[in-house]
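*Asks:* If you scroll down you'll find the structure; I have some questions about it.
Just so you know, all these numbers are worked out from the coordinates, no wet-lab data involved. Here the structure is a predicted model, which is why all the values come from computation and not from measurement. Cβ placement follows ideal geometry from the backbone for every residue including glycine, while neighbour counts extend to all protein chains displayed.
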Amino acid sequence: MRIVSFGGPGGEQPGVLVDDHTILPLAPVLAPLGLPGTDTTHLLALWPTVRPLVAAALHDARHHIARANVRLGPPVPRPGKVIAVGFNYPMHSDAVLGHQTAPTEPVLFLKPPGSVCGPYDPLIKPPETTALDYELELAVVIGRAGRRIAPADALAHVAGHMIANDVTARDVALGAGLHSPLQMQLVRGKGFPSFCATGPWLLMRDEHDERPDSEPLNLRLSVNGQARQDGWSSDMLFDVPALIASISNTMDLLPGDVILTGTPSGCGFELDPPAYLVEGDEIRGSITGLGELRQRVTDEDTALYGTTTTTTRTLS
C-alpha cells in the first residue's frame, strides 16, 4: 500500500494511492470510526489496526480524488526526527574522507523537520552557498516505537520506505574545514528549508514483505538528464536492521521518525571539476519500486519574490 500526503504546504492530509492516478483520502474513511485521519504520524502508530479498514475502502469511489488535481506533499509531513547516516557507502565515504578505516558504528546527524518538503517542490537555493549538492537516499520510516532494538527485531519497527534527497550546502557544512571537526556546520549545511525532499509515496512494508530490506534496490539520480548517481542499497556498510539497532541504542525511535540511510557515489562535489546545482537545474531521483522524485532548483529570492535581485528585503 502506498501512503501519500496531499494539500498545501503545512496543511497536508494523508491518503492512499488507489492507482497511479487516484487518491483515497483517509480522513473520511477513519473519522466516522473515531480514528485520526488527518495526521500521518498517528496513522502510522495505529497502522496494524487501520490497515484492514483502509484496504476495505480502497474501491469505494465516493471519496476518490484525482492525483493530478492536488499537490503531493512529503509522505510524512511532520516527522518527529530526521536521522541521517553519513559515510554509509564506501565510494562516497572515500570521496569525502579519503581511504580511511571504515567506521565501526554508523555516523549520525540530524536534519531539522523543517527541511522536509514534497517530492515535486522546488529545491530552494539559499544565498549562503555556491556549492549546493544532491544526495539520493533510501529513507526508512518508523512505525513502531522502540529503544535498544535488536537487529533481528528491527524490521518489525519499520512502517515503510520512500525516496529522499539529502541536500547539502557543502561550503556551509564544511565550516572551518575537515581539519577542524568541532567547527563543522552540518546542521546549517543540511538544514535549510527544502533540503529534505521525500516521496512521492511511502511504500508500506506489508505491500512487499521485506523486499527493500532483503533485495538490492537501484538508486539513480540525474541532473538535467545527465546521469550522476547509480548505486545499489546492497553496497551500504550498515544495512537497515544494523542502522535501527545502532540508532536505537542512542535514542528512542518513534512512529513517524525518518532514517536516511546514506548516499552512493556520484554527488556533484565528486566530479572533476565539481558540478554543483544552480538555478534552473532539474533533479530526478528514483529507487526501485518507490517512484520518482523531481525537483527544480530555484534561488531563494526567486522563490520568495519572483525575482533574482539580491537586494535585502523584509518579509511582512
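*Asks:* Which residue fluctuates the most in the chain, going by a Gaussian network model with Cα springs under 10 Å, if the choices are V82, V278, V16?
*Replies:* V278
*Asks:* Could the peptides 60-73, 215-228, 281-294, 259-272 be put in order, highest first, of the mean number of other beta-carbon atoms found within 10 Å of their residues? Please list the in-between numbers first.
*Replies:* Working: 60-73: 14.3, 215-228: 16.3, 281-294: 19.1, 259-272: 20.9.
Highest mean packing first, the order is 259-272, 281-294, 215-228, 60-73.
*Asks:* From the backbone phi of the range 165-171, what are the Karplus-calculated ³J(HN,Hα) couplings (6.51 cos²θ - 1.76 cosθ + 1.60, θ = phi - 60°) in whole Hz, Gly and Pro given as x?
*Replies:* 10, 7, 5, 9, 8, 4, 5
*Asks:* If one takes the longest principal axis of the Cα atoms in the chain, at what angle in degrees, from 0 to 90 and to the nearest 10, does the Cα axis of helix 47-57 lie?
*Replies:* Tilt of helix 47-57: around 60 degrees.
*Asks:* Still on this structure, please answer the following. Under 5 Å between amide H atoms, partner at least 5 residues away or on a different chain: which partners does R228 have, H built in plane at 1.01 Å?
*Replies:* L221, S222, V223
*Asks:* So in the chain, what percent of DSSP beta bridges are antiparallel if you round to the nearest 5?
*Replies:* On the way: 53 of 61 bridges.
Roughly 85 percent of the DSSP beta bridges within the chain come out antiparallel.
*Asks:* Determine the relative contact order of the chain: mean sequence separation of Cα pairs under 8 Å and six or more apart, normalised by residue count, in whole percent. Numbers along the way, then the final one.
*Replies:* On the way: 737 pairs, mean separation 72.8, N = 316.
Relative contact order for the chain comes out at 23 percent.
*Asks:* Now for a different question. Which percent of Cα-Cα pairs in the range 143-302 sits in each 5 Å bin, short to long?
*Replies:* That works out to 2, 8, 14, 19, 19, 17, 12, 7, 2, 0, in percent per bin.
*Asks:* Further, regarding this structure: Note the full-extension length gain between A31 and H63 as 0.36 nm times their separation in residues minus their Cα-Cα distance, in nm to one decimal. Let's see the in-between values first.
*Replies:* Details: separation 32, 0.36 × 32 = 11.52 nm, distance 1.29 nm.
Gain on stretching A31 to H63: 10.2 nm.
*Asks:* Also, quick follow-up: Size of the dipole of the range 206-294 about the Cα centre, Lys and Arg at +1 and Asp and Glu at -1 on the beta carbon, nothing else charged, in debye to 20? Present the calculation step by step, with values, prior to reporting the outcome.
*Replies:* Details: 5 positive and 17 negative charges, 58 e Å.
I would put it at about 280 debye.
*Asks:* Here is a follow-up. Can you classify the chain as rounded, prolate or oblate using the Cα gyration tensor, where a ≥ b ≥ c are the square roots of its eigenvalues, rounded means a/c under 1.5, and otherwise it's prolate if a/b beats b/c and oblate if not?
*Replies:* Oblate, since a/c reaches 1.5 and b/c is not below a/b.
*Asks:* Obtain the nm distance between the two label points defined at T49 and A145 by a simple spin-label model: each point lies 7 Å from its Cα along the Cα-to-C-beta direction.
*Replies:* 1.4 nm
*Asks:* Also, quick follow-up: Explain nothing, just the number: relative contact order of the range 2-73, from Cα pairs under 8 Å at least 6 residues apart, as a whole percent.
*Replies:* Working: 102 pairs, mean separation 27.4, N = 72.
Rounded, it is 38 percent for the range 2-73.
*Asks:* Say the dipole of the chain comes from +1 at the beta carbon of Lys and Arg and -1 at that of Asp and Glu; which of C267, P193, L221 then lies farthest toward its positive end?
*Replies:* P193
*Asks:* Okay, next question. How big is the dipole moment of the chain about its Cα centre under a simple scheme where the beta carbon of each Lys and Arg is +1, that of each Asp and Glu is -1, and everything else is neutral? Debye, nearest 20, please.
*Replies:* Working: 23 positive and 35 negative charges, 161 e Å.
With Lys and Arg at +1 and Asp and Glu at -1, about 780 debye.
*Asks:* Any idea which of V258, A164, G8 is furthest toward the positive side of the dipole for the chain, if Lys and Arg beta-carbons carry +1 and Asp and Glu beta-carbons -1?
*Replies:* Most positive-ward Cα: G8.
*Asks:* Report, in degrees rounded to the nearest 10, the 0 to 90 angle that the Cα long axis of helix 240-250 makes with the longest principal axis of the chain.
*Replies:* Helix 240-250 sits at roughly 80 degrees to that axis.
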